[in-house]
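The values are calculated or read from the model by the stated rules, or taken from the named source; none is laboratory data. Keep in mind that this is a model prediction, so the values were computed, not measured. Using ideal geometry, Cβ is built from the backbone for each residue, glycine included, and neighbour counts are taken over all protein chains shown. Areas reflect the complete protein model, heavy atoms only, side chains present, ligands, DNA and RNA absent. Shrake-Rupley method; radii C 1.70, N 1.55, O 1.52, S 1.80 Å.
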Amino acid sequence: MSDMMENEIRILGWRGRVFNPHKPLALLTAIKVLELQGFSTKKVFFNELFKKIFSELFAKLLPNTKSSCRPHTPFFHLRTSSFWKLVPKTGKELELASTSTIGGPGALIDLVDYACISDELFNLVKDRAKREEIIAILHNSLLSDNNIINTASCDLELDKNPFIGNQFVQYLNSLQRSGGNNENALAESQACNKHFAAIHVPHPLAATIYEELNRPGGRHVILTGHAGDGKSTIALEVYKRLRDLPSDTPLQNPLAPREDIGAISIIKDLSERDKREDQTLLDELTGGNRRFLLVSNTGTLLDLIKANPERFHASKVSLESKVLNAISSESGEAILSLGAMDFRVFNLARMDNLTLAKKIFSNMLAPERWQQCSTCEHRNTCPIFLNISLLRANNYRAVERIFLAYRRMYEYGTRLTIRQFVEHLSYMITAGLDIVDIARFSASGNGSALTRHLFFNRFFGDDGGEKDAVAQEMLAVHAIRKQGFGGRPAPGWEHRLWLHSSGPEFELCVEEIEDVFAELRRRGTRNQDGAAREQVRRMLFFLYDFTPEEQHYLSQYLNSPTLLKWYGWQGEEAHLGFGDRDDLEQKIYHVLQEHFTGVRLPEGIRQNDRRLYVTLSRRRNEVRQSAQIVLAQVDWSTATVLELRESQNASGERRNDLVLRGKDRIDGVELLLPVPFLDYVMMRHFGELGEVLDASYRQRLDRFKAQVYKQAALVDDERIMLVRLRTDYTFRRQYFSVNNGRLEVRDVF
């Protein structure tokens, strides 16, 4: 056995001084399964055999543990090991690649076909002597008295071990994928964890669902969403309300697959149900004697409903359409009627969750969580403690900037789940470090180690230079790096930061890291150190107090010229100022006219002709089309208006968005103007010709164009109108008509 393989097996389940027994147990199970198969294949399936052997080993080797026997979790997370490769089911490749953890056995079965053992390990376990050696190593890990703590335990009794340090740090680390030991990211573990109450934020939907289940004439409730959206946590909140339990009190045991509380039942994961009992479940749903909260992903819900079309008196196609329409509601809420059954459907995936994530982060940073650190002997060399200080400084300015970046991602279509937020936010605080790491930093006196673990670097999943391999597996980090934050230059600031002769010495004005900032600037100036310069830009974005005139830097850093403007439109008193309205109307008109005619128009021109033309043109910008037939025209000045429109989702989140609304001839025609489209409008105005509008927004513009044409088409006019593009890029209108066999041409002014 190679030293590398032996070492990987010996440290399996360990992260620092924290041990989780589930991975070693899963590997023991896999070896036993391969042995029973006569080593005829390298494939290990998550089936009844695997679950049976895992449960037997769990009971035998861990008789006194408070951990849950959850074989699906280590089966999934062993993929972080070199010898274990998960093979996705057909069509599930991208979904598996983007999944950070698994909610239940049903979700695992939906995604994964089997696990494949590496050639090296397979050849080792086929040899009896080597197999026994590996089994001995795993047994030693599981039975060793040196295992300080099991992070999957429902009751983390960290107070009894003074070496652990601040136990909340250990809890935050258990929420991350560092070492693959992130079982506490799952609601089943959180239900029993005393630290969960420290970060938990009640979800507004929990009260709504509780009231629906209890009110006379109330409906069944279906709660759906992506894995990690918080479905099980909401079910837990509803359960505690029904049981009249304090929200901050951990349970003795995780929720059972089905919980009956009076006349109300909670099925916490429909994928874990016994399918042999489906008819009984459907009888109860139609019986009217019980109300159900069904927690399910879309696929499982569809499978149950489509498998029983006779129950709902509709075809499978009709049933699928009804379900998909219900879960696709823009607000995240809909009523689903299936035969004699009515459901109130909530889809968390359609709801903005940034406010909830921000409240969770505030709970992580709360002073009472970190009082112990203020008296720790390592506090002056502890990057975790410094991160907390920086994040809480100046009225949590850095937190606002972090969520400004998250907002940009959300508006551009990247929605993180609550689990992904929690993982990323906790990683920003601790960088996966524990008390052993902190003590080592303190002993070494290496100041550079401090900077490498600060939040403004860990937000991007690196140490300011090198990527953290573990963090790169986080979907949040992967998505952030794709945004290209900081990639758009801000020339004025670059001049100010790197040319000292241009003015007085620039200061960050954050006392805790002023020396770090100055040193990075020196390295960036004298050595033209790219990594140092990038860290300076990051520190500036997250920590500097920009004046209103300087906030252009934030927009440049985020690659979004209009995001800050969008923020200014939020709130009950928000309104669109006259100056903003006029400026935006002109720029939006410019882009729409370009799109409708296929002609590139120079930026900054203001035409006296304020008509918007829909023309018969080739969709090729590289071909100059100076003369085009007009199909429809409207007067932009009188036929359109920009306004802010408020919307509200099922969880009560309100937002204002800019809408272009038609009047007069095109009354009822509307075009939603989201941040990405407004950014495109502004960037086109600034002359950034390389900017390309996303296909989905081009489709919206085409629909808007079709609606304008439908209502403003020149159908009753026997004349043909042409518009010609002059050399000054204004339009010349001409009417062509036939009168007594003669062609007449007339200019229109």
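Looking only at segment 58-78, how many residues end up being without any contact (Cβ under 8 Å) to a residue 40 or more places away in the chain and of a type outside the set (S, T, N, Q)?
The number of residues fulfilling the criteria is 7.
In segment 516-547, which residues are more than 17 Å from residue 458 (Cβ to Cβ), in contact with a helix residue (DSSP H, G or I) (Cβ under 9 Å, 6 or more places away or on another chain) and open to solvent by 30 Å² or more (accessible area, probe 1.4 Å)?
Passing the criteria: 519, 522, 523, 525, 528, 529, 530, 533, 545.
Which of the residues spanning segment 372-382 are over 15 Å from residue 511 (Cα atoms), touching a helix residue (DSSP H, G or I) at 6+ places or on another chain (Cβ under 9 Å) and assigned to a helix (DSSP H, G or I)?
372, 373, 374, 379, 381, listed by residue number.
Report yes if residue 562 is open to solvent by less than 40 Å² (accessible area, probe 1.4 Å), closer than 18 Å to residue 680 by Cα and at pLDDT 90 or above, otherwise no.
Yes: the conditions hold for residue 562.
Conditions (1) of a type in the set (Asp, Glu); (2) closer than 16 Å to residue 455 by Cβ; (3) open to solvent by less than 20 Å² (accessible area, probe 1.4 Å), marked per residue:
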site	(1), (2), (3)
347	no, no, yes
362	no, yes, no
366	no, no, yes
372	no, no, no
379	no, no, no
387	no, yes, yes
401	no, yes, no
405	no, yes, yes
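Do you know which of the residues in segment 1-32 that are surrounded by fewer than 21 Cβ atoms within 10 Å (Cβ to Cβ) and in contact with a Phe, Trp or Tyr (Cβ under 8 Å, 6 or more places away or on another chain) is modelled with the lowest pLDDT?
Per the stated criteria, the residue is 17.
Hey, any hits in segment 493-501 for a residue that's in contact with a Leu (Cβ under 9 Å, 6 or more places away or on another chain), polar (S, T, N, Q) and without any contact (Cβ under 8 Å) to a residue 60 or more places away in the chain?
No - not one qualifying residue is present in segment 493-501.
Among the residues of segment 1-53, what is the count of those that are assigned to a loop (DSSP other than H, G, I, E, B) and of a type in the set (A, V, I, L, M)?
3
Filter segment 246-289 down to residues that are β-branched (Val, Ile, Thr) and either in contact with a Leu (Cβ under 6 Å, 6 or more places away or on another chain) or surrounded by fewer than 11 Cβ atoms within 10 Å (Cβ to Cβ) (or both) and give me whichever is nearest to residue 217 (Cα to Cα).
264
Just the residues that are more than 20 Å from the chain's Cα centre (by Cα) and either under 25 Å from residue 189 (Cα atoms) or buried (at least 21 other Cβ atoms within 10 Å of the Cβ) (or both), please, taken from segment 84-103.
In the first step, residues of segment 84-103 are kept if they are more than 20 Å from the chain's Cα centre (by Cα); the result is 84-91.
Scanning segment 84-103 gives 84, 86.
When residues of segment 548-559 are filtered for being part of a helix (DSSP H, G or I), touching a residue at least 40 places away in the same chain (Cβ under 8 Å) and open to solvent by less than 40 Å² (accessible area, probe 1.4 Å), how many remain?
Residues meeting the conditions: 5.
Within segment 605-663, take every residue that is part of a loop (DSSP other than H, G, I, E, B) and of a type in the set (Asp, Glu) and give me the one that is modelled with the lowest pLDDT. Give the steps one after another, and end with the answer.
Filtering segment 605-663 down to residues part of a loop (DSSP other than H, G, I, E, B) leaves 605-610, 617-626, 649-653, 663.
Retained after the next criterion (residues that are of a type in the set (Asp, Glu)): 609, 622, 653.
Values: 609: 70, 622: 51, 653: 91.
Here the answer is 622.
What tally of residues in segment 389-419 results from selecting those that are of a type in the set (Val, Ile, Thr) and part of a helix (DSSP H, G or I)?
3
Tell me the helices (runs of 4 or more DSSP H) entirely within segment 239-344 that contain at least 1 residues that are touching a residue at least 60 places away in the same chain (Cβ under 8 Å).
The qualifying helices (runs of 4 or more DSSP H) are 278-287, 298-306, 316-327.
Please specify each residue of segment 194-245 satisfying the condition of being crowded, with 16+ Cβ neighbours inside 10 Å and basic (Lys, Arg).
194, 219, 231, 240, 241
Please specify each residue of segment 437-494 satisfying the condition of being of a type in the set (A, V, I, L, M, F, W, C), more than 25 Å from residue 422 (Cβ to Cβ) and assigned to a loop (DSSP other than H, G, I, E, B).
490 - this is the single residue of segment 437-494 that is of a type in the set (A, V, I, L, M, F, W, C), more than 25 Å from residue 422 (Cβ to Cβ) and assigned to a loop (DSSP other than H, G, I, E, B).
Got at least one residue in segment 316-324 being modelled with pLDDT under 95 and at positive phi?
no
Just for segment 54-77: of the residues that are aliphatic (A, V, I, L, M) and part of a helix (DSSP H, G or I), which one is least open to solvent (accessible area, probe 1.4 Å)?
From segment 54-77, those aliphatic (A, V, I, L, M) are 57, 59, 61-62; that's our starting set.
Within this subset, residues satisfying the condition of being part of a helix (DSSP H, G or I) are 57, 59, 61.
Details: 57: 36, 59: 66, 61: 17 Å².
In this case the residue turns out to be 61.
Please find, within segment 694-737, the residue that is nearest to the chain's Cα centre (by Cα) out of those that are in a strand (DSSP E or B) and more than 26 Å from residue 602 (Cβ to Cβ).
Going through the qualifying residues, I end up with 713.
Looking at segment 189-203 only, could you name the residues that are closer than 21 Å to residue 651 by Cβ, out of contact with any Asp or Glu (no Cβ under 9 Å at 6 or more places or on another chain) and at pLDDT 85 or above?
The answer is 199, 201.
Could you look through segment 508-540, keep only residues that are at pLDDT below 90 and in a loop (DSSP other than H, G, I, E, B), and pick out the one that is nearest to residue 382 (Cα to Cα)?
Among those residues, the one meeting the criterion is 529.
Does segment 467-500 hold any residues that are open to solvent by 60 Å² or more (accessible area, probe 1.4 Å) and under 15 Å from residue 555 (Cα atoms), and which are they?
Scanning segment 467-500 gives 487, 489, 491.
Can you name the residue in segment 325-345 that is open to solvent by 60 Å² or more (accessible area, probe 1.4 Å) and in contact with a His (Cβ under 9 Å, 6 or more places away or on another chain) and, of all such residues, is modelled with the highest pLDDT?
Step by step, filter segment 325-345, then rank; the result is 342.
So, in segment 690-732, exactly how many residues are in contact with a Phe, Trp or Tyr (Cβ under 6 Å, 6 or more places away or on another chain), of a type in the set (A, V, I, L, M) and either open to solvent by less than 80 Å² (accessible area, probe 1.4 Å) or modelled with pLDDT under 75 (or both)?
Within segment 690-732, residues that are in contact with a Phe, Trp or Tyr (Cβ under 6 Å, 6 or more places away or on another chain), of a type in the set (A, V, I, L, M) and either open to solvent by less than 80 Å² (accessible area, probe 1.4 Å) or modelled with pLDDT under 75 (or both) number 3.
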